[in-house]
Structure formats: structure tokens, C-alpha cells
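Everything below concerns the one structure shown next.
The values are calculated or read from the model by the stated rules, or taken from the named source; none is laboratory data. This structure is a prediction, so every number in the text was calculated from the model and none was measured. Glycine gets a Cβ as well: all are built from the backbone with ideal geometry, and neighbour counts include every protein chain shown.
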């Protein structure tokens, strides 16, 4: 890794020195990803950025992407309406600026650039279809959805698929405790899920004035057209208090 050398004796510091140090860090990460991905132009999804459908909207979970060797965070994005979960979708790099300074000549400049990425249907030079998903890593493969105080996880750890859900009390207009269509699961994993509805009986834990109580519930799931369909329901029909649950899906 290239590095900026310092010495005793009031060493002069120039703007080019800062650029050199910044470029050294960026180049090192780019070289590392070239080795991991096996290409001189590393474009890949490193983590997250899973498409799913909820409330008639197509969304993508937050994650991390490598674009032309640059590692960038991806914010949770809304990128379409129901029926368009297969795209096409694109990565769009956004910059926000801060750290305003007044210079000696009276000019003002923002000295901080924060770069993030969103998934959009507006065409850019970076179609998501051109970005393979990096399959490395040492921990479990995790899909997470979060909106307000609702948090859902689908985790693969070894041979085990585990779902967890935490959500507030249901409203009268909600038909299900939770429902979601999850796209982007690698084919080798998705093909292990059933193509017909399979139901798992489990238990939800409901927080109320009398403490935590347990209530029977079901998880129904199946795959079709590259998407995992998941529905969770309480036997009683509605949860009038916050719910926590977890269940192991029998997928091998």
C-alpha cells in the first residue's frame, strides 16, 4: 500500500499530499476487490441490496456495492411499483456536500463530499443486472427489512434458514401479521424452497399489560418465478400488542 511519509523538521504539507493519501487508500481497496472478484474492473454487490415487495412497492434493502473499484454504501430504496420486481433497475451515485470553509481570498467552498448510492428505475451507466453478488464472507447470509419499529430477518446459517420478526400492534385494516415477497436469493439456495405452499406452525410472543404471552401462529412460504413468498398469520387473526417471533424453516 502506498503511504505518505512524514519527517521531523516542520515538513511542508500541500494539497497534493492529501490527494496522494486519499488515492492510496482507494487504490488499495480496489486492488483487494480485484483479487477477490477476479477482474480488473470490480463491479459487485458486496452485501444486502435485496429486492422485496411490500405495500405494492418494490424496494431494495440497504447494503454495500463496489462500483469501478469504489466501495459505496447503498441506502434503502423504493424503485418501482408492484409487478416490476424483475426490473430493470440501476445504481445511481449521489453526492452531498458539507464542511463549508471561507478561504483567504474570501471564497467559500464545501470541503466534504459524502457519496452514497440509490437503486432507481432511471437509466444510468450502472445496471444492477451487471453487478454479480459477491458470495464470500464468513458469517451467515442475511436479508433484513426494517421500517419504523418493524424488523424482519431471513438468515441462512449453514443448513438452517431462520426467520425473525418484531413488529408493533396490528391495525384493524391489516390482513396479515406480516407478508413479503423476497427476490434476489441465489438460485442454488432458492431452489431448495418448495414450489407449493408449505405451512409451519410456530409461536408468537406478544407483549401486553400482563407481560409476555405466547400465541400460536403459522408461517406459509413457497417460491415462484425467482421470488420467495412469505406470509405470517396469528391463529387469533390480529395482534393487539407488539409481537416477537422466530421460526426455523424446514428447508434443506
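Selection of strands (runs of 3 or more DSSP E) fully inside region 38-129 by the criterion of at least 3 residues being within 26 Å of residue 225 (Cβ to Cβ) returns 44-48, 51-54, 57-60, 77-81, 108-120. Of the residues making up region 28-46, those that are in contact (Cβ under 8 Å) with a residue 40 or more places away in the chain and either surrounded by fewer than 19 Cβ atoms within 10 Å (Cβ to Cβ) or out of contact with any helix residue (DSSP H, G or I) (no Cβ under 6 Å at 6 or more places or on another chain) (or both) are 29, 30, 36, 37, 43, 45, 46.
State all residues of region 213-247 that are in a strand (DSSP E or B), in contact (Cβ under 8 Å) with a residue 12 or more places away in the chain, loosely packed, with under 14 Cβ neighbours inside 10 Å and touching a strand residue (DSSP E or B) at 6+ places or on another chain (Cβ under 7 Å); if no residue qualifies, say none.
Step one: of region 213-247, the residues in a strand (DSSP E or B) are 213-224, 227-234, 243-247.
Now narrow it down to the ones that are in contact (Cβ under 8 Å) with a residue 12 or more places away in the chain: 215-224, 227-234, 243-247.
From the residues that got through so far, the ones that are loosely packed, with under 14 Cβ neighbours inside 10 Å too are 216, 224.
The one that is in a strand (DSSP E or B), in contact (Cβ under 8 Å) with a residue 12 or more places away in the chain, loosely packed, with under 14 Cβ neighbours inside 10 Å and touching a strand residue (DSSP E or B) at 6+ places or on another chain (Cβ under 7 Å): 216.
Residues that are exposed (fewer than 10 other Cβ atoms within 10 Å of the Cβ) and more than 30 Å from residue 238 (Cα to Cα) within region 185-197 comprise 187, 188, listed in sequence order. Is it the case that residue 92 is in contact (Cβ under 8 Å) with a residue 40 or more places away in the chain and either in the same structural domain as residue 115 (by TED's automatic domain parsing) or under 19 Å from the mean Cα position of the chain (by Cα) (or both)? No: the conditions fail for residue 92.
Which one of these is surrounded by 13 or more Cβ atoms within 10 Å (Cβ to Cβ), modelled with pLDDT of 90 or more and closer than 17 Å to residue 62 by Cβ: 151, 119? Before you say what the answer is, go through the steps one by one.
Values: 151 fails: modelled with pLDDT of 90 or more.
Result of the check over 151, 119: 119.
I'd like the full set of residues that are modelled with pLDDT under 85 and either on the phi > 0 side of the Ramachandran plot or assigned to a strand (DSSP E or B) (or both), limited to region 185-212. Selection gives 207, 208, 211, 212. Take residue 182 and tell me if it is more than 23 Å from the chain's Cα centre (by Cα), crowded, with 17+ Cβ neighbours inside 10 Å and assigned to a strand (DSSP E or B). No, not satisfied.
Condition test on residue 95, is it buried (at least 16 other Cβ atoms within 10 Å of the Cβ), farther than 15 Å from residue 131 by Cα, in contact with a strand residue (DSSP E or B) (Cβ under 6 Å, 6 or more places away or on another chain) and at pLDDT 85 or above? So residue 95 does not fit the description; no.
Confirm whether residue 21 is modelled with pLDDT of 85 or more and closer than 30 Å to residue 229 by Cβ. Break it down stepwise before answering.
On the way: modelled with pLDDT of 85 or more: yes; closer than 30 Å to residue 229 by Cβ: no.
Judged against the criteria, residue 21 is not a match.
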